[in-house]
Amino acid sequence: MENQIPVQNGNTPDGYSLAAVNGGRNGDGSALIFLGTGCSSAVPNIRCLIQPSDPPCPVCSQSLSIPPDRNPNYRCNTSLLIDYCSVEGIHNYIIIDVGKTFREQVLRWFTFHKIPRIDSIILTHEHADAILGLDDIRAVQPHSPTNNIDPTAIYLTQYAMDSVAQKFPYLVQKKLREGQEVRRVAQLDWKIIEEHYDKPFVASGLKFFPLPVMHGEDYLCLGYLFGEKCKVAYISDVSRFPSNTEYVISKNGAGQLDILILDCLYKTGSFNVHLCLPQTLEALKRICPKRALLIGMTHEFDHHKDNEFLREWSEREGINVQLACDGLRVPIDL
(Lines give C-alpha, C1' and ligand atoms only; values in the text may rest on other atoms or scores of the structure.)
Protein backbone atom coordinates (compact mmCIF):
# COMPACT_ATOMS: atom_id res chain seq x y z
CA MET A 1 0.00 0.00 0.00
CA GLU A 2 1.26 3.52 -0.76
CA ASN A 3 2.62 5.91 1.88
CA GLN A 4 2.00 3.61 4.80
CA ILE A 5 3.98 4.02 7.99
CA PRO A 6 6.70 1.39 8.29
CA VAL A 7 6.44 -1.03 11.16
CA GLN A 8 10.19 -1.18 11.59
CA ASN A 9 13.14 0.83 10.35
CA GLY A 10 15.72 0.08 13.02
CA ASN A 11 16.51 3.71 13.81
CA THR A 12 14.80 4.11 17.18
CA PRO A 13 14.05 1.97 20.24
CA ASP A 14 10.57 1.16 18.96
CA GLY A 15 11.50 1.04 15.29
CA TYR A 16 9.74 4.31 14.50
CA SER A 17 11.04 7.55 13.04
CA LEU A 18 8.92 10.49 11.94
CA ALA A 19 11.72 11.73 9.73
CA ALA A 20 11.56 8.44 7.84
CA VAL A 21 7.77 8.48 7.73
CA ASN A 22 7.61 12.03 6.44
CA GLY A 23 10.58 11.82 4.14
CA GLY A 24 12.18 14.82 5.81
CA ARG A 25 10.71 18.10 6.97
CA ASN A 26 10.62 20.28 3.88
CA GLY A 27 8.58 20.28 0.71
CA ASP A 28 7.76 22.81 -1.96
CA GLY A 29 4.09 21.91 -2.47
CA SER A 30 1.00 21.64 -0.33
CA ALA A 31 0.77 19.17 2.56
CA LEU A 32 -1.50 17.98 5.35
CA ILE A 33 0.21 17.94 8.75
CA PHE A 34 -1.46 16.08 11.61
CA LEU A 35 -0.87 18.14 14.74
CA GLY A 36 -3.00 15.81 16.85
CA THR A 37 -4.75 12.48 16.36
CA GLY A 38 -6.05 11.67 19.84
CA CYS A 39 -9.29 11.87 21.78
CA SER A 40 -10.32 14.78 24.01
CA SER A 41 -8.41 13.43 27.03
CA ALA A 42 -5.41 12.71 24.76
CA VAL A 43 -3.00 9.76 25.00
CA PRO A 44 -1.43 8.68 27.32
CA ASN A 45 -4.47 8.37 29.54
CA ILE A 46 -3.50 10.02 32.81
CA ARG A 47 -5.21 7.40 34.97
CA CYS A 48 -3.05 4.71 33.40
CA LEU A 49 0.00 6.55 34.74
CA ILE A 50 -1.15 7.62 38.20
CA GLN A 51 -3.20 4.47 38.91
CA PRO A 52 -1.38 1.87 36.80
CA SER A 53 -2.97 -1.49 36.24
CA ASP A 54 -1.15 -4.80 36.64
CA PRO A 55 0.17 -5.38 34.07
CA PRO A 56 0.42 -1.70 33.05
CA CYS A 57 -1.33 -0.34 29.98
CA PRO A 58 1.09 -1.15 27.15
CA VAL A 59 0.23 1.98 25.13
CA CYS A 60 0.25 4.56 27.92
CA SER A 61 3.35 3.18 29.65
CA GLN A 62 5.33 3.85 26.47
CA SER A 63 5.08 7.59 27.22
CA LEU A 64 7.40 7.10 30.19
CA SER A 65 10.11 5.39 28.16
CA ILE A 66 9.84 6.68 24.56
CA PRO A 67 10.04 10.39 23.62
CA PRO A 68 6.79 11.65 22.05
CA ASP A 69 8.43 12.43 18.70
CA ARG A 70 9.38 8.73 18.44
CA ASN A 71 6.12 7.45 19.83
CA PRO A 72 3.13 7.24 17.44
CA ASN A 73 0.95 6.27 20.42
CA TYR A 74 1.45 9.74 21.95
CA ARG A 75 -1.63 11.64 20.76
CA CYS A 76 -2.70 15.24 21.31
CA ASN A 77 -6.20 16.57 20.59
CA THR A 78 -7.28 16.22 16.98
CA SER A 79 -6.06 19.07 14.80
CA LEU A 80 -4.98 19.39 11.19
CA LEU A 81 -2.64 21.96 9.69
CA ILE A 82 -3.07 22.56 5.96
CA ASP A 83 0.09 23.92 4.35
CA TYR A 84 -1.52 25.33 1.21
CA CYS A 85 0.85 26.28 -1.60
CA SER A 86 -0.88 28.43 -4.23
CA VAL A 87 -0.10 28.34 -7.96
CA GLU A 88 2.14 31.35 -7.32
CA GLY A 89 4.18 29.28 -4.88
CA ILE A 90 3.01 31.21 -1.81
CA HIS A 91 2.40 29.15 1.33
CA ASN A 92 -0.58 29.81 3.59
CA TYR A 93 -1.12 27.91 6.83
CA ILE A 94 -4.66 26.97 7.82
CA ILE A 95 -5.39 25.11 11.03
CA ILE A 96 -8.54 23.15 11.85
CA ASP A 97 -9.28 23.27 15.60
CA VAL A 98 -7.08 24.53 18.42
CA GLY A 99 -7.79 22.37 21.44
CA LYS A 100 -6.42 21.88 24.95
CA THR A 101 -3.05 20.64 23.70
CA PHE A 102 -2.48 23.40 21.11
CA ARG A 103 0.60 24.91 22.78
CA GLU A 104 2.32 21.53 22.97
CA GLN A 105 1.50 20.89 19.31
CA VAL A 106 3.03 24.20 18.26
CA LEU A 107 6.20 23.56 20.26
CA ARG A 108 6.59 20.07 18.83
CA TRP A 109 5.34 20.18 15.26
CA PHE A 110 5.56 23.79 14.12
CA THR A 111 9.27 23.66 14.91
CA PHE A 112 9.75 20.21 13.36
CA HIS A 113 7.95 21.13 10.12
CA LYS A 114 9.17 24.76 10.14
CA ILE A 115 5.72 26.33 10.22
CA PRO A 116 6.25 30.07 10.75
CA ARG A 117 2.69 31.28 11.48
CA ILE A 118 -1.05 30.64 11.22
CA ASP A 119 -2.96 32.51 8.51
CA SER A 120 -6.48 31.20 9.19
CA ILE A 121 -8.28 29.05 11.75
CA ILE A 122 -11.36 26.90 11.14
CA LEU A 123 -13.38 25.38 13.98
CA THR A 124 -15.44 22.21 13.73
CA HIS A 125 -17.39 22.92 16.94
CA GLU A 126 -17.04 24.57 20.34
CA HIS A 127 -16.07 21.68 22.62
CA ALA A 128 -12.97 21.99 24.80
CA ASP A 129 -10.78 19.81 22.59
CA ALA A 130 -11.47 22.15 19.66
CA ILE A 131 -11.27 25.65 21.14
CA LEU A 132 -9.39 25.84 24.47
CA GLY A 133 -6.15 26.73 22.67
CA LEU A 134 -7.61 30.02 21.40
CA ASP A 135 -5.85 32.01 24.12
CA ASP A 136 -2.48 30.67 22.93
CA ILE A 137 -2.95 32.00 19.38
CA ARG A 138 -1.23 35.19 20.57
CA ALA A 139 1.99 33.19 20.93
CA VAL A 140 2.20 32.68 17.17
CA GLN A 141 1.15 36.24 16.31
CA PRO A 142 3.51 39.24 16.10
CA HIS A 143 4.16 40.77 19.51
CA SER A 144 2.32 44.01 20.27
CA PRO A 145 1.65 45.27 23.83
CA THR A 146 -1.21 47.38 22.41
CA ASN A 147 -2.68 44.62 20.22
CA ASN A 148 -1.93 46.71 17.13
CA ILE A 149 -1.58 43.81 14.69
CA ASP A 150 -3.60 42.33 11.85
CA PRO A 151 -6.02 39.77 13.33
CA THR A 152 -6.09 36.11 12.29
CA ALA A 153 -9.28 35.09 10.48
CA ILE A 154 -11.25 32.42 12.31
CA TYR A 155 -14.26 30.64 10.77
CA LEU A 156 -16.98 29.14 12.96
CA THR A 157 -20.74 28.72 13.31
CA GLN A 158 -22.90 31.23 15.17
CA TYR A 159 -23.55 28.59 17.84
CA ALA A 160 -19.80 28.18 18.37
CA MET A 161 -19.36 31.96 18.33
CA ASP A 162 -21.89 32.39 21.14
CA SER A 163 -20.10 29.75 23.22
CA VAL A 164 -16.67 31.24 22.57
CA ALA A 165 -17.94 34.69 23.57
CA GLN A 166 -18.95 33.25 26.96
CA LYS A 167 -15.70 31.37 27.51
CA PHE A 168 -13.33 34.00 26.10
CA PRO A 169 -15.07 37.41 26.28
CA TYR A 170 -11.73 39.22 26.10
CA LEU A 171 -11.03 37.62 22.70
CA VAL A 172 -14.34 38.83 21.29
CA GLN A 173 -14.94 42.32 22.66
CA LYS A 174 -13.80 45.11 20.36
CA LYS A 175 -13.88 48.15 22.66
CA LEU A 176 -12.44 48.67 26.10
CA ARG A 177 -14.79 49.64 28.88
CA GLU A 178 -14.04 52.87 30.75
CA GLY A 179 -11.02 52.39 33.00
CA GLN A 180 -10.15 49.00 31.49
CA GLU A 181 -6.45 48.37 30.91
CA VAL A 182 -5.08 47.19 27.55
CA ARG A 183 -3.90 43.59 27.87
CA ARG A 184 -2.08 41.57 25.26
CA VAL A 185 -4.48 38.96 23.89
CA ALA A 186 -4.90 37.04 20.66
CA GLN A 187 -6.28 39.18 17.84
CA LEU A 188 -8.96 37.28 15.95
CA ASP A 189 -11.26 38.26 13.10
CA TRP A 190 -14.43 36.26 13.68
CA LYS A 191 -16.15 35.08 10.49
CA ILE A 192 -19.50 33.32 10.79
CA ILE A 193 -20.22 30.34 8.54
CA GLU A 194 -23.70 30.72 7.06
CA GLU A 195 -26.38 28.89 9.02
CA HIS A 196 -27.56 26.38 6.44
CA TYR A 197 -23.97 25.30 5.69
CA ASP A 198 -24.65 24.92 1.97
CA LYS A 199 -22.28 27.63 0.77
CA PRO A 200 -18.48 27.35 0.63
CA PHE A 201 -16.12 29.91 2.10
CA VAL A 202 -12.53 30.77 1.25
CA ALA A 203 -9.84 30.76 3.96
CA SER A 204 -6.39 31.98 2.94
CA GLY A 205 -7.04 31.20 -0.71
CA LEU A 206 -8.44 27.69 -0.22
CA LYS A 207 -12.15 26.91 -0.65
CA PHE A 208 -13.92 24.92 2.06
CA PHE A 209 -17.35 23.27 1.96
CA PRO A 210 -18.95 22.69 5.39
CA LEU A 211 -20.04 19.10 6.04
CA PRO A 212 -22.73 18.91 8.76
CA VAL A 213 -22.55 15.67 10.78
CA MET A 214 -24.16 14.44 13.98
CA HIS A 215 -21.89 14.38 17.05
CA GLY A 216 -24.52 12.59 19.10
CA GLU A 217 -28.16 12.99 18.11
CA ASP A 218 -28.49 16.28 20.00
CA TYR A 219 -25.50 18.09 18.50
CA LEU A 220 -24.47 19.22 15.02
CA CYS A 221 -20.76 19.40 14.24
CA LEU A 222 -18.99 20.43 11.05
CA GLY A 223 -16.47 18.56 8.96
CA TYR A 224 -14.92 20.17 5.90
CA LEU A 225 -14.35 19.27 2.26
CA PHE A 226 -11.52 21.04 0.44
CA GLY A 227 -9.15 20.73 -2.50
CA GLU A 228 -9.76 21.06 -6.24
CA LYS A 229 -7.05 18.81 -7.72
CA CYS A 230 -7.29 16.34 -4.86
CA LYS A 231 -10.46 16.16 -2.75
CA VAL A 232 -9.99 15.88 1.02
CA ALA A 233 -12.66 15.57 3.71
CA TYR A 234 -11.83 16.14 7.39
CA ILE A 235 -14.45 14.79 9.83
CA SER A 236 -13.13 14.62 13.37
CA ASP A 237 -16.26 14.31 15.56
CA VAL A 238 -19.11 12.24 14.17
CA SER A 239 -21.55 9.55 15.27
CA ARG A 240 -23.78 9.63 12.18
CA PHE A 241 -23.70 11.06 8.66
CA PRO A 242 -26.82 12.86 7.43
CA SER A 243 -27.70 11.49 4.00
CA ASN A 244 -26.86 14.72 2.16
CA THR A 245 -23.40 14.87 3.74
CA GLU A 246 -22.64 11.24 2.96
CA TYR A 247 -23.74 11.79 -0.65
CA VAL A 248 -21.31 14.71 -1.05
CA ILE A 249 -18.29 12.63 0.03
CA SER A 250 -19.20 9.22 -1.43
CA LYS A 251 -17.83 7.51 -4.53
CA ASN A 252 -21.39 6.58 -5.52
CA GLY A 253 -22.59 10.10 -4.76
CA ALA A 254 -20.92 13.37 -5.73
CA GLY A 255 -17.53 11.73 -6.36
CA GLN A 256 -14.72 9.76 -4.77
CA LEU A 257 -12.49 11.41 -2.19
CA ASP A 258 -8.74 11.21 -2.53
CA ILE A 259 -8.36 11.32 1.26
CA LEU A 260 -10.92 10.94 4.04
CA ILE A 261 -9.72 11.85 7.53
CA LEU A 262 -12.22 10.25 9.89
CA ASP A 263 -13.13 9.86 13.56
CA CYS A 264 -12.40 6.52 15.29
CA LEU A 265 -12.65 6.62 19.10
CA TYR A 266 -12.61 3.04 20.44
CA LYS A 267 -11.38 -0.21 18.91
CA THR A 268 -14.47 -2.25 19.76
CA GLY A 269 -18.13 -1.68 20.46
CA SER A 270 -19.96 1.56 19.83
CA PHE A 271 -20.34 4.99 21.44
CA ASN A 272 -23.16 7.50 21.35
CA VAL A 273 -21.21 10.55 20.15
CA HIS A 274 -18.30 9.13 18.10
CA LEU A 275 -17.68 6.46 15.54
CA CYS A 276 -15.69 3.47 16.79
CA LEU A 277 -13.62 1.17 14.60
CA PRO A 278 -16.48 -1.17 13.56
CA GLN A 279 -18.67 1.76 12.49
CA THR A 280 -15.73 3.62 10.95
CA LEU A 281 -14.88 0.66 8.72
CA GLU A 282 -18.52 0.25 7.70
CA ALA A 283 -18.63 3.94 6.79
CA LEU A 284 -15.46 3.59 4.74
CA LYS A 285 -17.00 0.76 2.74
CA ARG A 286 -20.02 2.95 1.96
CA ILE A 287 -18.05 6.12 1.20
CA CYS A 288 -15.15 4.33 -0.52
CA PRO A 289 -12.38 6.96 -0.51
CA LYS A 290 -9.09 6.23 -2.24
CA ARG A 291 -7.33 6.60 1.10
CA ALA A 292 -8.47 7.01 4.70
CA LEU A 293 -6.54 8.22 7.74
CA LEU A 294 -8.13 7.66 11.14
CA ILE A 295 -7.97 10.13 14.03
CA GLY A 296 -9.43 10.69 17.50
CA MET A 297 -8.14 7.41 18.95
CA THR A 298 -8.01 6.49 22.63
CA HIS A 299 -5.28 4.42 24.30
CA GLU A 300 -7.04 1.24 23.17
CA PHE A 301 -5.22 1.58 19.85
CA ASP A 302 -1.64 0.45 19.46
CA HIS A 303 -0.32 2.19 16.35
CA HIS A 304 1.87 -0.56 14.91
CA LYS A 305 -0.30 -3.56 15.84
CA ASP A 306 -3.56 -2.02 14.69
CA ASN A 307 -2.08 -0.70 11.46
CA GLU A 308 -1.07 -4.29 10.71
CA PHE A 309 -4.73 -5.27 11.04
CA LEU A 310 -5.76 -2.31 8.88
CA ARG A 311 -3.25 -3.28 6.17
CA GLU A 312 -4.90 -6.68 5.92
CA TRP A 313 -8.35 -5.03 5.87
CA SER A 314 -7.16 -2.60 3.19
CA GLU A 315 -5.93 -5.37 0.92
CA ARG A 316 -9.19 -7.27 1.36
CA GLU A 317 -11.53 -4.31 0.83
CA GLY A 318 -9.46 -2.29 -1.66
CA ILE A 319 -9.44 0.88 0.47
CA ASN A 320 -6.12 2.16 1.79
CA VAL A 321 -6.75 2.88 5.48
CA GLN A 322 -4.42 3.42 8.41
CA LEU A 323 -4.21 5.17 11.76
CA ALA A 324 -2.68 8.62 11.44
CA CYS A 325 -0.17 9.80 14.03
CA ASP A 326 0.87 13.13 15.48
CA GLY A 327 3.44 14.85 13.26
CA LEU A 328 2.53 12.92 10.12
CA ARG A 329 3.00 15.02 6.97
CA VAL A 330 1.13 13.98 3.82
CA PRO A 331 2.15 15.80 0.61
CA ILE A 332 -0.87 16.55 -1.57
CA ASP A 333 -1.71 18.58 -4.66
CA LEU A 334 -4.60 20.83 -3.63
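The values are calculated or read from the model by the stated rules, or taken from the named source; none is laboratory data. If you're wondering where the values come from, they're calculated on a predicted model, not measured in any experiment. Here Cβ is always computed from backbone atoms with ideal geometry, including for glycine, and neighbour counts include all displayed protein chains. Note: areas computed on protein heavy atoms with side chains; ligands, DNA, RNA excluded. Shrake-Rupley method; radii C 1.70, N 1.55, O 1.52, S 1.80 Å.
Counting only residues at least eight positions apart within a chain, or on another chain, the aspartates and glutamates with an alpha carbon under 19 Å from that of K167 are D97, E126, D129, D135, D136, D189. Rounded to the nearest 10 degrees, the inclination of helix 303-317 to the longest alpha-carbon principal axis of the chain is 70 degrees.
Lysine pairs in region 231-317 8 or more apart or on different chains: how many have alpha carbons under 13 angstrom apart? So the count of such lysine pairs works out to 5.
For the set V164, V140, the ranking by accessible area, highest first and with no ligand, DNA or RNA atoms included, is V140, V164 under a 1.4 Å probe. Relative contact order for the chain: 19 percent, from Cα pairs under 8 Å spaced at least 6 residues apart, divided by residue count. If you take all other residues with their beta carbon under 14 Å from the beta carbon of F208, and give Lys and Arg +1 and Asp and Glu -1, the sum is -1.
Annotation: extensible slack from L107 through K167 equals 19.2 nm (criterion: 0.36 nm per residue apart, minus Cα-Cα distance). In units of the rule-of-thumb radius 2.2 N^0.38 Å, the chain shows an alpha carbon radius of gyration of 0.98. For region 226-242, the Karplus equation 6.51 cos²θ - 1.76 cosθ + 1.60, evaluated at θ = phi - 60°, returns couplings of 8, x, 9, 6, 10, 8, 10, 10, 10, 9, 9, 9, 8, 10, 7, 9, x Hz by residue, with Gly and Pro reported as x. Most simply put, the chain has about 55% antiparallel DSSP beta bridges, counting only bridges with both residues inside it.
Between the C-alpha center of region 282-329 and that of region 99-144 there is a gap of 26 Å. In the chain, helices alone account for a calculated mean residue ellipticity at 222 nm of -5000 deg cm²/dmol, with every DSSP H run of four or more residues adding -39,500 (n - 2.57). Assuming a ≥ b ≥ c are the square roots of the Cα gyration tensor eigenvalues, decide whether region 113-192 counts as rounded (a/c under 1.5), prolate (otherwise, with a/b larger than b/c) or oblate. Note, shape of region 113-192 comes out oblate. Legend note: in the chain, cysteines whose Cβ sits 4.7 Å or more from every other cysteine Cβ are C39, C76, C85, C221, C230, C264, C276, C288, C325. Quick one: 3J(HN,Hα) in Hz for region 210-218, Karplus 6.51/-1.76/1.60 with θ = phi - 60°, rounded, Gly and Pro as x. Per-residue couplings from phi come out as x, 10, x, 9, 8, 10, x, 6, 9 Hz.
Taken one residue at a time, the phi angles of region 107-120 give Karplus couplings (6.51, -1.76, 1.60, θ = phi - 60°) of 4, 7, 9, 5, 5, 4, 9, 6, 8, x, 5, 10, 9, 8 Hz. Gly and Pro are set to x.
What shape does region 257-334 have by the C-alpha gyration tensor, where a ≥ b ≥ c are the square roots of the eigenvalues, rounded means a/c under 1.5, and otherwise prolate means a/b greater than b/c and oblate the rest? Judged from the Cα gyration tensor, region 257-334 comes out rounded (a/c under 1.5). How much accessible surface area, in Å² rounded to 10, belongs to the heavy atoms of K267 with a 1.4 Å probe? Roughly 70 Å² of K267 is accessible to a 1.4 Å probe. Using only Cα atoms, find the angle between the long axis of helix 158-167 and the longest principal axis of the chain, and express it within 0 to 90 degrees, rounded to the nearest 10. It is inclined by approximately 70 degrees. Multiplying the residue separation of Q256 and I50 by 0.36 nm and subtracting their alpha-carbon distance yields 69.6 nm. Electrostatic bookkeeping for T78 treats Lys and Arg as +1 and Asp and Glu as -1; over the other residues with beta carbon under 9 Å from its beta carbon, the sum is -3. For K229, the aspartates and glutamates whose Cα falls under 12 Å of its own Cα, not counting residues fewer than eight places away in the same chain, are D258, D333. Between region 27-80 and region 188-227, the C-alpha centres lie 28 angstrom from each other. Taking Cα centre as origin and charging only the Cβ of basic (Lys, Arg, +1) and acidic (Asp, Glu, -1) residues, the dipole magnitude of the chain rounds to 440 debye.
Once you compute Rg and the Kirkwood Rh from C-alpha atoms, what is the Rg to Rh ratio for region 200-329? Kindly include the intermediate steps, with their values, before the conclusion.
Numbers: Rg = 14.2 Å, Rh = 14.9 Å.
Dividing the radius of gyration by the Kirkwood radius yields 0.95.
Against the chain, whose longest principal axis comes from its Cα atoms, helix 277-287 is set at around 80 degrees. Of all DSSP beta bridges confined to region 53-176, the antiparallel ones make up roughly 50%. Surface composition of the chain: carbon plus sulfur atoms contribute 49% of the solvent-accessible area (1.4 Å probe, protein chains only, all chains present).
Across K229, K191, K290, the residue with the most accessible area heads the list, and the full order at a 1.4 Å probe is K229, K290, K191.
The H on the amide N of N320, modeled in the peptide plane, is under 5 Å from the matching H of A292, each at least 5 residues off or on a different chain. Remark: the chain carries 46 Å² of accessible area per residue (probe radius 1.4 Å; ligands, DNA and RNA excluded).
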